[in-house]
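For reference, the structure is listed below as C-alpha cells.
The values are calculated or read from the model by the stated rules, or taken from the named source; none is laboratory data. Just so it is clear, the model here is predicted, and its values are computed rather than measured. All Cβ positions, even for glycine, are placed from backbone atoms using ideal geometry, and neighbour counts span all protein chains on display. Ligands, DNA and RNA are excluded from the accessible area calculation, which covers all protein heavy atoms including side chains. Shrake-Rupley method; radii C 1.70, N 1.55, O 1.52, S 1.80 Å.
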Amino acid sequence: GEWFSRTDYNHDAWFACWLQELVTGYGMYRYGEKTGNREWKVRSEQILNLILSAPQSKGMFPVICYLERDGTETWLRDDGWAGYYNEFHTLQMSYTAWLMLCWAKKLFPKRQSDILDFCIPYGEFLISVQHKDGCIPSWFNENGEPSRLQFRDFNAETSASVLFLLELGEITGDIRYRNGG
C-alpha cells in the first residue's frame, strides 16, 4: 500500500473490514460494563466520536485516520492495499456505517441522532448510485462517480451496502433504504 502519511503504528485508527476500531470499541464497552470500569466505556465512545468527525463528501467518508506529529489528523479514503487509496470504497464505508448503526441500537442509544446525522447522507448516496439490478459500485472518485469499471456493474461487495441499507431502513422506517437493501 501507499504508506506516505503513516507517522507511527500507535497513532492511526482504521475503520475497515479487517482492521476495525468499532469492533474493538464494542468489546471495550462490553468489558467496561462487565467489570464496572467506566474508563473502558469512555474510551469506546471516543472511537465513535472519531469516526463521527470524519469529513464527508456527498455522504462518502474516509476510513483511515492518522494522527500526525503536530497533532493534526490526516484522513485517507482507503488503505491503498488495492492500490486505490485516493478513492472511496463502499465495502469499507458500508461496513463501518452498519457498525455505527449497531452501536446506536445497542451501546449508545442516546447518540442515535448523531449517528443517523452521519449515516443518512451516506445512505442517500448509496441509493442514488444503485443500479436497477441492485448492484452498488465498489469504488468512487471524489465526485461520487464510479471509478473502477471492473467493480462497477457486478461485485460481491454490494452485500455490505445491503446490510447497511436494511439496518438504516429498520431504524429510520424509511422504505427507500429497505427497498434498496
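Looking across region 166-181, just one residue is open to solvent by less than 20 Å² (accessible area, probe 1.4 Å) and farther than 19 Å from Gln112 by Cα, and that is Gly180. Here is the figure for region 103-121: residues that are open to solvent by less than 20 Å² (accessible area, probe 1.4 Å) and either part of a helix (DSSP H, G or I) or under 25 Å from Phe151 (Cα atoms) (or both) total 5. Only one entry in Glu87, Glu124 is open to solvent by less than 50 Å² (accessible area, probe 1.4 Å), among the charged types (D, E, K, R) and closer than 18 Å to Gly144 by Cβ, namely Glu87.
Got at least one residue in region 51-66 being at pLDDT 95 or above, aromatic (Phe, Trp, Tyr) and either part of a loop (DSSP other than H, G, I, E, B) or open to solvent by less than 30 Å² (accessible area, probe 1.4 Å) (or both)? So far as region 51-66 goes, yes, one or more of its residues are at pLDDT 95 or above, aromatic (Phe, Trp, Tyr) and either part of a loop (DSSP other than H, G, I, E, B) or open to solvent by less than 30 Å² (accessible area, probe 1.4 Å) (or both). Scanning region 140-181 for residues that are hydrophobic (A, V, I, L, M, F, W, C) and modelled with pLDDT of 95 or more turns up Phe140, Ala160, Val162, Leu163, Phe164, Leu165, Leu166, Leu168, Ile171, Ile175. Checking each residue in region 147-165 for being in contact with a helix residue (DSSP H, G or I) (Cβ under 7 Å, 6 or more places away or on another chain) and either open to solvent by less than 70 Å² (accessible area, probe 1.4 Å) or more than 26 Å from Pro55 (Cβ to Cβ) (or both) picks out Glu157, Ala160, Ser161, Phe164, Leu165. Looking across Met93, Met100, one residue alone is under 15 Å from Glu21 (Cβ atoms) and touching a residue at least 40 places away in the same chain (Cβ under 8 Å). It is Met100.
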